[in-house]
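S.K.: First, the structure itself, so that you have it in front of you.
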Amino acid sequence: MSTLTAGRNRDYRTEDIQVLEGLEPVRKRPAMYIGGVDGKGLHHLVWEILDNAVDEYINGHADHITVTLHKSGDAVTITDNGRGIPVEMHPKHKKTGLELVLTVLHAGGKFGDTDSGYLHSGGLHGVGASVVNALSRKLIATIKRDGYEYRQVYAKGVPQAKLETVGPFRGHGTGIYFEPDDSIFKTTRFDAATIKARLEDMSFIHSGLSITFIDEPAGQKYELANPGGLPAFLAKLVNDAQKPAVTDAAFSASRENGSKIEIALQWTESTEETYRSYVNGIRTPNGGTHENGLKSALRKAVNGYIETHDIKIKGLKITSDDIREGVVAVLSVFVREPQFEGQTKQRLNNPEMEGTVDNFIRPALEAWLHNNKTAADAIIGRIQLAAKAREASRAAVIDVKRKTPGSRRLSLPGKLADCKSTDRDDTELFIVEGDSAGGSTKQGRNNNTQAVLPLRGKILNGEDLPTSKVLANQEIADLVTAIGAGAGDKFHYEGLRYGKIILLMDADADGHHITTLMLDFFLRHAPELIRKGHVFIAQPPLYRIDVGKETFWAKDDEHKEEILAGLKANAKPDITRFKGLGEMPFRVLAQTTLDPRSRTLLKVEIDNPREAHEAFQELLGKDATHRYKFIMEKADQAIAEDLDV
């Protein structure tokens, strides 16, 4: 029996089965639909309504969208000049089309029947608008169609009155005003910069769409239209990254027949590869099969050019990583029946799209290389430099051995509790806060594959500091020695001693601060560890909740509230908040946080290098005016309980 469920009442009766009806599942488990109730989940409400408006444009029924962030900062209106949601009574369900769309999960006109006029759409599950309605304390739908204007008000997903006919109206479209429910979200204040950035991206992806953004709190109005499309978007991304392009010309191509595909890419002097991929106008930050097809096409096209021109590359073996290093690419595809990973649509899973994208981009890119020999030669030179740098790094550590019985402990930090295994791919290094947490982690770990390195409090803030200065700090020097791959110019990937580097800090403000400092160190002085997927953040519980003989574990306040909401009405929970990992029983720490079979890890990824750079400069840079501005702008979004004062 699990220690987490020991003593649980084993009776399971029919009356214990609950049926969540209507929009109740959304309010009960919002994270299932929007990913969470933090700022990211809050803004996802905007994206859901916005995607519906964009679908009208994609399918030829609209050309303008207006997004208004109202003066209060916690209300948004999104209006399009599309056809307007149908308002007639549905013959089967005896509700208006509007009420079905806003109150019934999986209701809509985007399930593949082209009679509705939706050949391509991002809203394929039919839950977006109803989820926004369920999670809003107030929502007002305004519909203009068939010569009239209609209006209906909702509260927490429930219509407050019947559909009202406002009066005659010339024009058409849909307007959705909503105020997120402050009993669900940690904060209901929207961030204007986040919304504007999203809208600007959309104006490039949909080059024929004009978007107006009205930021009432700041008294600003923006007209966003970018007829230059993906090539203009690519130029902006390259310029923002502040890494010079290898060639003046960029490659771009598009096709309209079959699955519509657009691509624009350019090689730069950056050591990173950057992809912005979209499906039916929706950003897919975690990539997917379409992005895999692009990467495959890059490799095949470059290799094809090298073979055709019989380019001799002596002593070097060109890898896919060498070819893709420095690439900045924007990819947009349109799919009739997209298969996304979850409602938040972070990744495309359609297996056929890998081959479809590959088969289109590869011959087009290879032909472009043949027709632009000067640019192609510069690109091949860039790829050779990447290969030489990789080989040089490998040669520099050819004598560095992975832990061997005779030499493994001679130069490692004394406080490192290392593991027995010498297989890098199977081993993990837990970086913990203080000796107390280190003691619990050492007791709870699997010493065959899990190593533990305790740090003494907050490490040095390495933002704006050279690597030599950072390594003068003993805590960071011990960390670098334990990891084995060096840092800065002397980073050598082959020396890495662990497959996973896991930041395990207390689930409080101090722990988050230390985690931020650690992430800054990796970003600035060992970014390859992040790019190659070796850095993770552990998710230890912050609360223990005892209800009779039953025990629950909550990782944060949001999770705690979700657990409490799911308890029976007469339950009397006993809640314990852990002050730190050191006071947590090691068996509990092992099962909730250390054991790969039951733990949750967050993988650290760099989605947008420019935005990551700006964020860490704002938070940790020498110029305090950035932090002052950030605090003044975001103060009203702070959660009082999260403040460390």
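The values are calculated or read from the model by the stated rules, or taken from the named source; none is laboratory data. Please read these numbers as outputs of a predicted model, since none were measured by experiment. Positions of Cβ are generated from backbone atoms using ideal geometry, with glycine treated the same way; all protein chains shown enter the neighbour counts. Ligands, DNA and RNA are excluded from the accessible area calculation, which covers all protein heavy atoms including side chains. Shrake-Rupley method; radii C 1.70, N 1.55, O 1.52, S 1.80 Å.
S.K.: Multiplying the sequence separation of residue 619 and residue 597 by 0.36 nm and subtracting their Cα-Cα distance, what value in nm do you get?
M.R.: Between residue 619 and residue 597, full extension yields an extra 4.4 nm.
S.K.: Can you say what percent of the DSSP beta bridges in the chain, counting only those with both residues inside, are antiparallel? Round to 5.
M.R.: That works out to approximately 70 percent antiparallel.
S.K.: While we're here: Which lysines have a Cα less than 17 Å from the Cα of residue 568, not counting those fewer than 8 places away in the same chain?
M.R.: Of all the lysines, those that pass the test against residue 568 - Cα under 17 Å, at least 8 places apart if same chain - are 28, 549, 560.
S.K.: Shifting gears a bit: Using Cα-Cα distances under 8 Å and only pairs 6 or more residues apart, what relative contact order does the chain have, in percent?
M.R.: Averaging sequence separation for qualifying contacts and normalising by length gives 10 percent for the chain.
S.K.: In nanometres, what is the gap between the two model label sites at residue 336 and residue 570, each 7 Å from Cα along Cα-to-Cβ?
M.R.: Here the modelled spin labels are 5.7 nm apart.
S.K.: Per-residue HN-Hα couplings for segment 438-451, Karplus 6.51 cos²θ - 1.76 cosθ + 1.60 at θ = phi - 60°, whole Hz, x for Gly and Pro?
M.R.: Along segment 438-451, the couplings run x, x, 5, 5, 4, 5, x, 6, 9, 6, 6, 10, 10, 9 Hz.
S.K.: Karplus couplings for segment 349-364 from phi (6.51 cos²θ - 1.76 cosθ + 1.60, θ = phi - 60°), rounded to Hz, Gly and Pro as x?
M.R.: Residue by residue, segment 349-364 yields 10, 4, x, 5, 6, 4, x, 4, 5, 4, 5, 7, 6, 4, x, 5 Hz.
S.K.: While we're looking at this one, here's another question. Students often forget the sequence filter, so: which aspartates and glutamates lie under 13 Å Cα-Cα from residue 162 once same-chain residues fewer than 8 apart are removed?
M.R.: 88, 99
S.K.: Let's test the formula: R0 of 51 Å, r as the Cβ-Cβ distance of residue 513 and residue 94. What FRET efficiency results, to the nearest 0.05?
M.R.: Taking R0 as 51 Å, the efficiency between residue 513 and residue 94 is 0.35.
S.K.: Would you kindly compute the Cα radius of gyration of the chain and its largest Cα-Cα separation (Dmax), both in Å?
M.R.: 27.1, 87
S.K.: How charged is the neighbourhood of residue 296? Take every other residue with its Cβ under 12 Å from the Cβ of residue 296, and add Lys/Arg as +1 and Asp/Glu as -1.
M.R.: +2
S.K.: Could you tell me which of the pairs 388/469; 138/186; 295/388 are separated by over 23 angstrom between their Cα atoms in the structure shown?
M.R.: 388/469
S.K.: What is the Cα centroid distance between segment 151-201 and segment 338-379, reported in whole angstrom?
M.R.: After rounding, the separation between the Cα centres reads 37 Å.
S.K.: Still on this model: Give me the distance between the Cα centres of segment 598-631 and segment 458-477, rounded to whole Å.
M.R.: 17
S.K.: For residue 346, enumerate residues with amide H under 5 Å from its amide H, sequence gap 5+ or separate chain, H modeled in the peptide plane.
M.R.: Result for residue 346 returns 341.
S.K.: Suppose R0 equals 30 Å. What FRET efficiency, 1/(1 + (r/R0)^6) with r the Cβ-Cβ distance, do residue 314 and residue 286 give to the nearest 0.05?
M.R.: With R0 = 30 Å, the Cβ-Cβ based efficiency is 0.20.
S.K.: Can you list the lysines whose alpha carbon is less than 18 Å from that of residue 236, not counting same-chain residues fewer than 8 positions off?
M.R.: Here the lysines satisfying the reach criterion relative to residue 236 are 196.
S.K.: Could you list which residues have their amide H under 5 Å from that of residue 326, counting only those 5 or more apart in sequence or on another chain, with H placed in the peptide plane?
M.R.: 272, 273
S.K.: Rounded, prolate or oblate: which one fits segment 487-645, using the alpha carbon gyration tensor with axes a ≥ b ≥ c (rounded when a/c is under 1.5, else prolate when a/b beats b/c, else oblate)?
M.R.: Oblate, since a/c reaches 1.5 and b/c is not below a/b.
S.K.: So how far, in whole Å, is the C-alpha centre of segment 202-218 from the one of segment 537-593?
M.R.: Using only Cα atoms to place each centre, the spacing works out to 43 Å.
S.K.: Still on this structure: So if the hydrodynamic radius of segment 494-545 is defined as the Kirkwood radius over C-alpha pairs, what does Stokes-Einstein give as its diffusion coefficient at 37 °C and 0.692 mPa s, in µm² per second?
M.R.: 271
S.K.: From the Cα gyration tensor of segment 421-569, with a ≥ b ≥ c the square roots of its eigenvalues, which class applies: rounded if a/c is under 1.5, or else prolate if a/b is larger than b/c, or else oblate?
M.R.: Because a/c hits 1.5 or more and a/b exceeds b/c, segment 421-569 counts as prolate.
S.K.: Return the sequence-ordered ³J(HN,Hα) values of segment 560-566 in whole Hz as given by the Karplus equation 6.51 cos²θ - 1.76 cosθ + 1.60 applied to θ = phi - 60°, using x for Gly and Pro.
M.R.: Karplus-based 3J(HN,Hα) across segment 560-566 equals 4, 5, 5, 5, 4, 5, x Hz.
S.K.: For segment 170-283, report the accessible area per residue in Å² (1.4 Å probe, heavy atoms, rounded to an integer).
M.R.: 42
S.K.: Considering only protein heavy atoms and a 1.4 Å probe, what is the carbon-and-sulfur percentage of the accessible area of the chain?
M.R.: Within the chain, the accessible surface is 49 percent carbon and sulfur.
S.K.: Please report the relative contact order for segment 124-175, taking Cα pairs under 8 Å with a sequence separation of at least 6, and give it as a percent rounded to a whole number.
M.R.: 35
S.K.: Tell me the per residue accessible area of segment 482-568 using a 1.4 Å probe; a whole number in Å² is fine.
M.R.: Each residue of segment 482-568 exposes 36 Å² on average to a 1.4 Å probe.
S.K.: Classify segment 133-232 from the C-alpha gyration tensor, please: rounded if a/c falls under 1.5, else prolate or oblate depending on whether a/b exceeds b/c.
M.R.: oblate
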